[in-house]
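These notes concern the structure reproduced below.
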Amino acid sequence: MKKLLFSLSVCTMVSSLGHAQNFYDRSTVQTIEIFFAASNWDAQLDALASTTEDYLLADSVRINGVTYDSVGVKYKGNSSYNANNNKNPIHIELDHVHGSYDYQGYTDVKLQNGYQDPSMIREVLSYAILEQYMDCPKANFANVYINGTLRGLYSNAESINDKFNGDHYYTSDGSFFKCNPIGGAGPGASGNPDLAYIDADSSSYANGYELKSDYGWNDLVSLIDTLNNHFSEIDQNLDVDRALWMLAFNNVLVNLDSYSGAFRQNYYLYKDLNDRFIPTVWDLNMSFGGFPGGTGSGSYVATSLDPMSNSTSTIHPLIVKLLGDPMYKRMYMAHIRTIVQENFDASEFLTTANALRTTIDASVQADPYKFYTYTQFQNGLSTAVSGGGPMGSSIPGVQALMDARATFFGTNTNYTYSTPVISAVTPSNATPTYGETITITATCSNETTVYLGTRGEHPLRFDRVQMYDDGAHNDGAAGDHVYGASITINNVLVEYYVYAENAQAGIFSPQRAEHEYYSLNVTLVLPAIGDVLINEIMASNSNTAYDSNGENDDWIELYNTTSNALDLSGLYLSDDAANFPKWLIPTGTSINAHDVLVIWTDEDSEQSGLHTNFKLSAAGEEIFLSNGTATMIYDDVVFGVQTTDISYARCPDGGTFSFVNPTFDELNNCILSVNESELPLAIRVYPVPTAGNVFIQSEEEGSLAIQVVDLQGRIVYETTESTATIEIPSTNWQSGWYQIRAISASGKQTSVPFVKK
């Protein structure tokens, strides 16, 4: 598990305007300024690029007016980097020294220099198309200045890292690989990320893949072994649908600086919570036919690149195996048709392309080190540049290429097969209740087989089952081309799609499935008092659990005591008796019957998922679950000083609190007790809050030394007593928050908050 480094250093906020625009908003050009102390910064960056590939420390980097000191900067890229360039690709690492630095949550900035792209929009336009079909980086543009001098316009693509994996795949601690050869691709490369099986020794793959997680080589070898030697099990190791979308995208856009090209590179693999590797596309600056390296399987013409390209290759096992499976081939061609029909048949992509060109026009004119002339940029959609690229190759005009591609597909046999039609997809109840069994029907034509894909939670994989037109599956009359399948609603969410095929072609509904899908609104029960409780508290987390961004923050668990799924929308969590509506549980949040729900208490509500706007105190405090007022409090838990990585949990679930080893995101295991000598002093303070005196009870033998301090740290009362119940006269104290500090004769101590009304 990768842990993120934190620092108490705080970046200097030069301008509050820096966060007014989204860092990856495609309608704006970002401003990034880099400041080096040394005047020979370029020579130093070149030296590092040719040796250690390490970062050069910049005095500061300013992004849209927000300044960060001591930032790592290096040149990146393979063919797009050249020591003779005045404008090289750049990687900025904001948290290189100060682990707390980020801009709008992003720590890494990846900047591409416009190499091999007269249009200047290839990368950003490609991601804008790809995001319709699979998870991918956001991308836009930035003007980059170094030591006050404009270096030019760059494309700015989101880094694929722990944050990306957490945001899209819901975990960040899985096996994670960058699939680029170590030392660079091309002739003479020491390895290739081609997914070809070598042997069972993980070291045999070390030159072809870069490990980005703390572990994972055995997982990668298992994937490669399954793909090549046990293909019938591939769906257990690989998210096949996303792999098909990747290959379809690469083919349609002639993106050959990819797995689909000669070097089989520029993608990432991440093993998600379903134990399947997910491919993520990366590095699209040479998309739309800009890559001079070819397919790796002989000569080709970009305008007529066949969708079956490399299907018989000796060096592309992923393509060979997937397209060699009849169903996967039909699904792949369905994805090809969707991309072509939605973007290129009527040149719909031009709306986005022209908007991008308008956004960057002035910046292109001002760019002092662009690889092409402004006239070539203006003609970049319609006109090929012959011999004008950095490698002397011909680069097609984007629109000219894709218009020709659309025409070609209209004559391609695999593309023009007669597809099924799915004219209606209908649930028998669009608002089912939890536990209800419903039927989903699909009305089709020109089909032979129909399937239903369903899942009960968004991060989970779809399970695909066959639908039937036999009159026995709530599908109407047998043979009427209405297919049915029943599902039981045993989760708070249902997402689904339909896939139909005949002997030659397939089609999805919705057509962007599995990336898009239909969903059902499950009718949930609103909780009553006692239905949902605070079940476990971790206020000093070192390594019990990590959130999706790899941070070991504190957390609490809620527990559903009932046999029904509950809707938690509109409930509030707070650690302040004077502010019950401190953090609103988001609309749509629910909890399954007799299940738990984790909420991160990390004061980081900008992160995706459930993250509160307050942190827990390891010194102890009080937590409220309410409707936002004192009139309906679902639970109120007071806890004292916490021991690191020991949770305060109800045992059994919904029962009495005690100190146990944590059971993160699971029902509590009360057998996992802890050594009592390692625990803080256990005392009971009541009533809380109080309008009168407060009482302290302890089973500890001997005397207790008591101090009461106010918010300013002033001691307002102290005593030492040996009685089982100690009464503290607090009637005349001012209203507010106080803390009781207690030390036993054996040296145990604790600190417990309470509120005086």
(message) Here is a check on your reading of the model: is Thr587 among the β-branched types (Val, Ile, Thr), open to solvent by 30 Å² or more (accessible area, probe 1.4 Å) and at pLDDT below 90?
(response) yes
(message) Looking at region 724-747, I want the residues that are closer than 11 Å to Ala705 by Cα and have a partner that is open to solvent by 70 Å² or more (accessible area, probe 1.4 Å) and assigned to a strand (DSSP E or B) with Cβ atoms under 8 Å, at least 6 apart or on another chain. Which pairs are those?
(response) Arg741/Gln749; Ala742/Gln749; Ile743/Gln749
(message) Out of the residues in region 494-530 meeting the condition of being open to solvent by less than 30 Å² (accessible area, probe 1.4 Å) and of a type in the set (Asp, Glu), tell me which one is farthest from the chain's Cα centre (by Cα).
(response) Glu501
(message) Looking at region 300-315, I want the residues that are farther than 19 Å from Arg337 by Cα and have a partner that is small (Gly, Ala, Ser) and open to solvent by 30 Å² or more (accessible area, probe 1.4 Å) with Cβ atoms under 6 Å, at least 6 apart or on another chain. Which pairs are those?
(response) Ser313/Ser297; Ile315/Gly296
(request) Go through Ala404, Ala400 for me and flag whichever is touching a residue at least 40 places away in the same chain (Cβ under 8 Å), surrounded by fewer than 19 Cβ atoms within 10 Å (Cβ to Cβ) and closer than 26 Å to Ser304 by Cα. (result) Ala404
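Of everything in region 343-362 that's open to solvent by 60 Å² or more (accessible area, probe 1.4 Å) and either touching a helix residue (DSSP H, G or I) at 6+ places or on another chain (Cβ under 6 Å) or closer than 17 Å to Met402 by Cα (or both), which residue is modelled with the lowest pLDDT?
Ala346
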(request) Mind telling me which of the residues Ala618, Ala682 ends up being modelled with pLDDT under 85, within 27 Å of Lys756 (Cβ to Cβ) and surrounded by 16 or more Cβ atoms within 10 Å (Cβ to Cβ)? (result) Ala682
(request) Name the residue, out of Leu401, Leu381, Leu356, that is more than 26 Å from Tyr499 (Cβ to Cβ), hydrophobic (A, V, I, L, M, F, W, C) and not in a helix (DSSP H, G or I). (result) Leu381
(message) Contact list please: Cβ distance under 7 Å, first residue in region 686-703 and under 16 Å from Gly736 (Cβ atoms), second residue assigned to a loop (DSSP other than H, G, I, E, B) and among the acidic types (Asp, Glu), pairs at least six apart or on different chains.
(response) none
(request) Restrict the check to region 493-516 and report whether at least one residue is modelled with pLDDT under 90 and more than 17 Å from Ile623 (Cβ to Cβ). (result) yes
(request) Quick one: count up the residues across region 239-286 that are within 18 Å of Glu514 (Cβ to Cβ), open to solvent by 10 Å² or more (accessible area, probe 1.4 Å) and among the hydrophobic types (A, V, I, L, M, F, W, C). (result) 1
(request) Could you pull out the residue among Val660, Val641 that is within 15 Å of Ile683 (Cα to Cα) and modelled with pLDDT under 90? (result) Val641
(request) Go through the residues of region 475-483 one by one and say whether even a single one is open to solvent by 60 Å² or more (accessible area, probe 1.4 Å), out of contact with any helix residue (DSSP H, G or I) (no Cβ under 9 Å at 6 or more places or on another chain), within 25 Å of Lys329 (Cα to Cα) and touching a residue at least 24 places away in the same chain (Cβ under 8 Å). (result) yes
(request) Test Asp367 against the criterion of being of a type in the set (Asp, Glu) and either closer than 16 Å to Ile129 by Cα or surrounded by fewer than 20 Cβ atoms within 10 Å (Cβ to Cβ) (or both), and give yes or no. (result) no
(request) Quick one: Ser190 ticks every box in (1) in a loop (DSSP other than H, G, I, E, B); (2) at pLDDT 95 or above except a single one, so which number is it? (result) (2)
(request) Among what's in region 61-85 and is in contact with a Gly (Cβ under 8 Å, 6 or more places away or on another chain) and at pLDDT below 95, pick the residue that is nearest to Asp167 (Cα to Cα). (result) Asn78
(message) Please verify whether Ile336 is in contact with a Pro (Cβ under 9 Å, 6 or more places away or on another chain) and hydrophobic (A, V, I, L, M, F, W, C), treating the condition exactly as stated.
(response) yes
(request) Can you give me the ranges of the strands (runs of 3 or more DSSP E) entirely in region 421-460 with at least 3 residues that are loosely packed, with under 14 Cβ neighbours inside 10 Å and in contact with a Ser or Thr (Cβ under 7 Å, 6 or more places away or on another chain)? (result) 421-427
(request) From (1) farther than 27 Å from Leu48 by Cβ; (2) open to solvent by 30 Å² or more (accessible area, probe 1.4 Å); (3) not in a helix (DSSP H, G or I), pick out the condition that doesn't hold for Asp167. (result) (3)
(request) Go through (1) open to solvent by less than 10 Å² (accessible area, probe 1.4 Å); (2) within 26 Å of Phe462 (Cβ to Cβ); (3) touching a residue at least 40 places away in the same chain (Cβ under 8 Å); (4) in contact with a helix residue (DSSP H, G or I) (Cβ under 7 Å, 6 or more places away or on another chain) one by one and return the number of the condition Gly290 breaks. (result) (2)
(request) Give the residues of region 602-628 that are touching an Asp or Glu at 6+ places or on another chain (Cβ under 9 Å) and in contact (Cβ under 8 Å) with a residue 60 or more places away in the chain, sorted by residue number. (result) Gln607, Ser608, Gly609, His611, Lys615, Leu616, Ser617, Ala618, Glu621, Glu622, Ile623, Leu625
(message) Please pick out the residue among Tyr205, Tyr197 that is more than 30 Å from Arg26 (Cα to Cα) and open to solvent by less than 40 Å² (accessible area, probe 1.4 Å).
(response) Tyr205
(request) Tell me, yes or no, whether region 153-163 has at least one residue that is touching a strand residue (DSSP E or B) at 6+ places or on another chain (Cβ under 8 Å), more than 30 Å from Tyr328 (Cα to Cα), among the hydroxyl-bearing types (Ser, Thr, Tyr) and not in a loop (DSSP other than H, G, I, E, B). (result) yes
(message) Please go through region 723-752 and give me each residue that is open to solvent by 60 Å² or more (accessible area, probe 1.4 Å) and modelled with pLDDT under 85, ordered by number.
(response) Thr723, Ala724, Thr731, Asn732, Gln734, Ser735, Trp737, Arg741, Ile743, Ala745, Ser746, Gln749
(request) For Phe639, work out the one condition from (1) open to solvent by 30 Å² or more (accessible area, probe 1.4 Å); (2) within 16 Å of Val755 (Cα to Cα) it doesn't fulfil. (result) (1)
(message) Please go through region 322-361 and give me each residue that is more than 30 Å from Val29 (Cα to Cα) and under 28 Å from the mean Cα position of the chain (by Cα), ordered by number.
(response) Leu322, Tyr328, Met331, Tyr332, Met333, Ala334, His335, Ile336, Arg337, Thr338
(request) Run Ala185 past the list (1) part of a helix (DSSP H, G or I); (2) open to solvent by 10 Å² or more (accessible area, probe 1.4 Å); (3) farther than 22 Å from Tyr328 by Cβ and report the number of the one that doesn't hold. (result) (1)
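The values are calculated or read from the model by the stated rules, or taken from the named source; none is laboratory data. Model, not experiment: these values are computed from the prediction. All Cβ positions, even for glycine, are placed from backbone atoms using ideal geometry, and neighbour counts span all protein chains on display. All accessible areas refer to the heavy atoms of the entire protein, side chains included, with ligands and DNA or RNA removed. Shrake-Rupley method; radii C 1.70, N 1.55, O 1.52, S 1.80 Å.
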